[in-house]
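All remarks here apply to the structure that follows.
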Amino acid sequence: MSGGRIADIKVLHGAPCGATWEAASRMLNLPVENALVRIGLDVQYFCSADPAGWDPIYGKSPVHLAGKIHQKALAAALRESEDRS
């Protein structure tokens, strides 16, 4: 982070559909608050999973679940980045 914005981002593990890398590249230079919302939306947009296929365990579509997982992963990475600073 630099000045409250995402200065650099590195994907360590991503979704098989490739949405992680596309969404992550769009987080650069965004304010942190915006990036935490945007990552989930962008992953949902770029994900090729069928949004109509509801997961019986979580009760959500795989697209929505992927968005939430990416949002939580970015939040954890940002916390870790702050801890290192």
Residues of segment 65-82 being farther than 15 Å from residue 6 by Cα and open to solvent by 90 Å² or more (accessible area, probe 1.4 Å), which ones? 68, 69, 72
Answer yes or no: is there a residue in segment 30-40 that is among the charged types (D, E, K, R), modelled with pLDDT of 90 or more, open to solvent by 50 Å² or more (accessible area, probe 1.4 Å) and closer than 19 Å to residue 11 by Cβ. yes
I'm checking my understanding of the structure. Among residues of segment 5-29 that are in contact with a helix residue (DSSP H, G or I) (Cβ under 6 Å, 6 or more places away or on another chain) and under 19 Å from residue 80 (Cα atoms), which one is surrounded by the fewest Cβ atoms within 10 Å (Cβ to Cβ)? 11
In segment 50-61, is there at least one residue being under 9 Å from the mean Cα position of the chain (by Cα) and surrounded by 14 or more Cβ atoms within 10 Å (Cβ to Cβ)? no
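The values are calculated or read from the model by the stated rules, or taken from the named source; none is laboratory data. Fair warning: this is a prediction, and the values are worked out from it, not measured in the lab. When we count neighbours, we look across all protein chains shown, and the Cβ atoms used for this are built from the backbone with ideal geometry, even at glycine. Note: areas computed on protein heavy atoms with side chains; ligands, DNA, RNA excluded. Shrake-Rupley method; radii C 1.70, N 1.55, O 1.52, S 1.80 Å.
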